[in-house]
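One structure below.
Please treat every number below as a calculation from the coordinates, not as lab data. This is a predicted model, so every value here is computed, not measured. Every residue, glycine as well, gets a Cβ built from its backbone with ideal geometry; the counts of neighbours run over all protein chains shown.
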Amino acid sequence: MAARETVTLERCPWFGIRDPLYARYHDEEWGVPHADERRLFEKLVLEGFQAGLSWLTILRKRDGFRRAFHDFDPARIVRYSSRDVARLMADEGIVRNRLKIEATIDNAKAYLKLRETQTLASFLWQHAGGGRAANAYAAFGEVPAETDASRQLSKALKKAGFRFVGPTTVYAFMQATGMVNDHLVGCPRHRVCAKLQSEFKLPAF
């Protein structure tokens, strides 16, 4: 019997540290389009917390964030008081940055205000240019830090009252949530995510 061939995935180079948690995130989450309101809100907040840090730092603390912020329930977060801010500042399971914690409370307020007229999912996908951009980058250096679409979405989010949503942060959010497919063409996930994009039903605008 011939020996079974071992296939090694050639993941995107940002995965370079080879952390198993990062591997699962790359292979199962990054670039997968969805319209889950709670997870979109969570991801938007966490991308804001990531500013100035590595995503792996946030990923390792994600369960801690979910616990500390009541699974990112905006209706709970919007009622946070100064006592809650102090609780969060003392929580070693999250990134303890007062400005970002207070911004999360403001983002919950913005979310609930937005929900009076539109879902977060429809707002995000609409202002991201309709999403589903399947790029074809061959090298990591070709991938931009921001785009016209991320600048447009950043501007719309800020106008709606969201904080820590600059165009670079927003582009990282768009990449993660499948609004663009920035897996390199040599990465096995590029084809998978392109197929998921083509099958994804955009939320009603």
Build a GNM of the chain with springs between Cα atoms under 10 Å: which of ARG24, ARG60, ARG11 gets the top mean-square fluctuation?
ARG24
For the chain: lysine pairs with Cα atoms under 27 Å, gap of 8 or more or different chains, count?
27
Add -39500 (n - 2.57) for each DSSP H run of 4 or more in the chain, then divide by its residues: what number comes out at 222 nm, to the nearest 500 deg cm²/dmol?
-15000 deg cm²/dmol
Would you mind checking which residues have amide H under 5 Å from ASN181's amide H? H placed 1.01 Å from N; only 5 or more apart, or other chain.
ALA133, ALA134, ASN135
For the range 1-126, build the charge dipole from Cβ charges (+1 Lys, Arg; -1 Asp, Glu) around the Cα centre, then report which of THR57, ALA75, ALA86 sits farthest towards its positive end.
ALA86
